[in-house]
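Okay, structure first, notes after.
Just so it is clear, none of the values below were taken in a lab; they were calculated from the coordinates. Predicted model, so just to flag it, every value in this text is computed and none were measured. Cβ coordinates were reconstructed from backbone atoms using ideal geometry, including for glycine residues, and neighbour counts include every protein chain displayed.
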């Protein structure tokens, strides 16, 4: 309540501005928590209708108290559903091997081989295509299937701000029949 009152005072009574101020504070606080050890958490599963598609995800937090909350459980379930629906191959862009990145770049260069574009333009096009590759294949870069205005990384940051602890998506697995 005190934070809301201070934000309203800072925004001179403008509720929308106060909401933006509170969100900025929450994201800043989440960034400060990112360095803390997340040694607790839970593993969640999602099994799609018909039992032909399933996913498992490990999400860590700092305490078992937070791991048992409904909010943390909902986050884990949403992340497991994201893995099942969006088929990510890696957790983050840092997990993509340099060989895969180079192969993607070569494929993009081959696509544009017949075009007579300057080298600096082609480099920018390749970087744009590579960014799209990461958005499609890295879980933390993907657009959240329930809210296309945020990425999974933003969803986790919001959960950190709400729950007051560092949250780390550790690993996931996706299983499909056939």
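Helix-only mean residue ellipticity at 222 nm, the chain, DSSP H runs n ≥ 4 weighted -39,500 (n - 2.57), per residue, nearest 500. What is it? Mind showing how you got there, number by number?
Values: 7 runs with 94 residues, N = 178.
It lands at -17000 deg cm²/dmol.
Take the Cα atoms of the stretch 95-178, find their three principal axes, and give me the spread along each one in whole Å, biggest first.
If we take the Cα atoms of the stretch 95-178, the spans are 52, 34, 24 Å.
Hey, what did the chain get for relative contact order, percent, Cα under 8 Å, at least 6 apart? Don't jump to the answer; show the numbers that get you there.
Details: 245 pairs, mean separation 54.8, N = 178.
With pairs under 8 Å counted, the relative contact order is 31 percent.
Assuming 0.36 nm per residue, please report the length gained on full extension of the stretch residue 16 to residue 176 beyond their Cα-Cα distance.
Details: separation 160, 0.36 × 160 = 57.60 nm, distance 4.41 nm.
Extra length available between residue 16 and residue 176 comes to 53.2 nm.
Using a 10 Å cut-off around each Cβ, can you sort 44, 3 from fewest to most neighbouring Cβ atoms? Walk me through the numbers before you get to the answer.
Numbers: 44 22, 3 12.
Listing 44, 3 from fewest to most nearby Cβ atoms yields 3, 44.
State log₁₀ I(q)/I(0) for the chain at q = 0.08, 0.16 Å⁻¹ as given by the Debye formula over alpha-carbon point scatterers of equal weight, solvent excluded.
-0.36, -1.02
Fewest to most neighbouring Cβ within 10 Å: what's the order for 57, 126? It would help to have the intermediate numbers written out before the result.
On the way: 57 28, 126 18.
Fewest to most other Cβ atoms nearby, the residues stand as 126, 57.
Counting other beta carbons within 10 Å of each Cβ, put 119, 58 in order, fewest first.
119, 58
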